[in-house]
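Have a look at the structure below before the remarks.
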Amino acid sequence: MPEATPPLTNPPTSRSTDTHTSRSEDPSTPNTTGPSTPRTPDPSTPRTPDPSTATVPGPGAETEGPHPLDNPARASLTGPHAHFAERRGRILRYRPDVTPWLALPDAPDAQDWADVAALAGPGAPVTLTAFREPPPADWEIVFHAEGVQLVDHSVDAAPDPEALLLGPADVPDMLDLVERTRPGPFLPRTVELGTYLGIRRAGVLVAMAGERLHPPGWTEISGVCTDSSVRGQGLATRLVRAVAHGIRERGETPFLHAAASNTSAIRLYESLGFTLRRRTAFLSALVPAEAEPRADARTRGQGAGSLEHAGR
């Protein structure tokens, strides 16, 4: 079976940041584990295999409304990852040493873009997921890619006896592996976003996978990479299944993203039991060098225009 290649591209960040167009895995790796066994979906955890579905109840939802995966970074930062959030007005972002993602409201206005500029700073890159609208005319787009969002439908999730739980003490080795394989954004505190598992050979970390965005009821699998010295052994596939197992054990549903052009990765994820939910897009743009803070007329006098640590 081919090994997992996390999707996306290379928006400008402070460390190797190939936001998912990684070619760190070999899509020609034969399937050595056999076909996955479809599981009976838990009726309390609805699946969303129809890519045309834009608003359906998420896991545990009682009423209809915007699906948390339609704006996953925002759903994460207003939910389980609120303690990582920095806020200005209606804009949320992860702290810069955690992950580069920033979250806009569903229909941003001029004040929102002014708050993005103030939060990020003049000339800084802003990285957005699940976003299709163009930024203001004076912003320079440095990266844009079409993508897909895939959700667990019948993944043969299982723990792996060789997988080790990675933590802060492993960060230097994790950053070194990321530098060699370029799986996507991974920063010094990314490991704090969720569970990361790795495989070591002769003491050297040679493969890992973990959790990133965390909308309520869902967890994104990301950071999947394998060193070239052990590629073709199915390590990434095993780790994806192991991470998915841990997510399911919490009563949540795994999901992931891939670049639409990365057809080998999409075929791999589909072979593991992920199914297309929706098409999406990824964007990175530079804040204008002359950007200036703008008073928020919506909340003047209420202090909402200042930088806040939303999770405190």
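The values are calculated or read from the model by the stated rules, or taken from the named source; none is laboratory data. Quick caveat, the model's predicted, so the values are computed rather than measured. FYI the Cβ positions are ideal-geometry reconstructions off the backbone, even for glycines, and counts take in every protein chain you see. These accessible areas exclude ligands, DNA and RNA; they are computed on the full protein's heavy atoms, side chains included. Shrake-Rupley method; radii C 1.70, N 1.55, O 1.52, S 1.80 Å.
The selection criterion, being surrounded by fewer than 21 Cβ atoms within 10 Å (Cβ to Cβ) and not hydrophobic (A, V, I, L, M, F, W, C), holds for Asp106.
Look through the stretch 211-241, keep the residues that are in contact with a Lys or Arg (Cβ under 9 Å, 6 or more places away or on another chain) and not β-branched (Val, Ile, Thr), and return whichever of them is farthest from Leu102 (Cα to Cα).
Restricting attention to the stretch 211-241, the residues satisfying the condition of being in contact with a Lys or Arg (Cβ under 9 Å, 6 or more places away or on another chain) are 215, 219-223, 225, 227-230.
Filter once more, so that each one left must be not β-branched (Val, Ile, Thr): 215, 220, 222-223, 225, 227-229.
Working: Pro215: 14, Glu220: 16, Ser222: 17, Gly223: 18, Cys225: 24, Asp227: 29, Ser228: 32, Ser229: 35 Å.
Looking at residues that are in contact with a Lys or Arg (Cβ under 9 Å, 6 or more places away or on another chain) and not β-branched (Val, Ile, Thr), I get Ser229.
The rows are residues; the columns are (1) in contact (Cβ under 8 Å) with a residue 12 or more places away in the chain; (2) under 17 Å from Ala289 (Cα atoms); (3) among the acidic types (Asp, Glu); (4) not in a helix (DSSP H, G or I).
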{"position": "Thr127", "(1), (2), (3), (4)": "yes, yes, no, yes"}
{"position": "Ala137", "(1), (2), (3), (4)": "no, yes, no, yes"}
{"position": "Ile141", "(1), (2), (3), (4)": "yes, yes, no, yes"}
{"position": "Ala157", "(1), (2), (3), (4)": "yes, no, no, yes"}
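If only residues of the stretch 86-99 that are touching a residue at least 60 places away in the same chain (Cβ under 8 Å) and surrounded by fewer than 24 Cβ atoms within 10 Å (Cβ to Cβ) are counted, the one that is nearest to Glu192 (Cα to Cα) is Val98. Scanning the stretch 280-290 for residues that are of a type in the set (Asp, Glu) and either surrounded by 19 or more Cβ atoms within 10 Å (Cβ to Cβ) or on the phi > 0 side of the Ramachandran plot (or both) yields nothing.
Arg277: closer than 14 Å to Asp152 by Cα, open to solvent by 10 Å² or more (accessible area, probe 1.4 Å) and either free of Cβ contacts under 8 Å to residues at least 60 places away in the same chain or in contact with a strand residue (DSSP E or B) (Cβ under 9 Å, 6 or more places away or on another chain) (or both), yes or no? Can you show your working first?
Details: closer than 14 Å to Asp152 by Cα: yes; open to solvent by 10 Å² or more (accessible area, probe 1.4 Å): no; either free of Cβ contacts under 8 Å to residues at least 60 places away in the same chain or in contact with a strand residue (DSSP E or B) (Cβ under 9 Å, 6 or more places away or on another chain) (or both): yes.
Considered against the rule, which asks whether it is closer than 14 Å to Asp152 by Cα, open to solvent by 10 Å² or more (accessible area, probe 1.4 Å) and either free of Cβ contacts under 8 Å to residues at least 60 places away in the same chain or in contact with a strand residue (DSSP E or B) (Cβ under 9 Å, 6 or more places away or on another chain) (or both), Arg277 comes out as no.
For the stretch 152-166, taking the residues that are aliphatic (A, V, I, L, M) and in contact with a Lys or Arg (Cβ under 6 Å, 6 or more places away or on another chain), the one that is least open to solvent (accessible area, probe 1.4 Å) is identified as Ala157.
With respect to the conditions (1) surrounded by fewer than 18 Cβ atoms within 10 Å (Cβ to Cβ); (2) in contact with a strand residue (DSSP E or B) (Cβ under 9 Å, 6 or more places away or on another chain); (3) outside any loop (DSSP other than H, G, I, E, B), Ala169 falls short on a single one, namely (2). When Ala107 is tested against the conditions (1) aliphatic (A, V, I, L, M); (2) at pLDDT below 95; (3) in a helix (DSSP H, G or I), the lone failure is (3).
Would you point out the residue of the stretch 262-271, among those that are open to solvent by 30 Å² or more (accessible area, probe 1.4 Å) and not charged (D, E, K, R), that is nearest to the chain's Cα centre (by Cα)?
Of the stretch 262-271, the ones open to solvent by 30 Å² or more (accessible area, probe 1.4 Å) are 263, 267, 270-271.
From what's left, not charged (D, E, K, R): 263, 271.
Values: Thr263: 18, Ser271: 20 Å.
The extreme case among them is Thr263.
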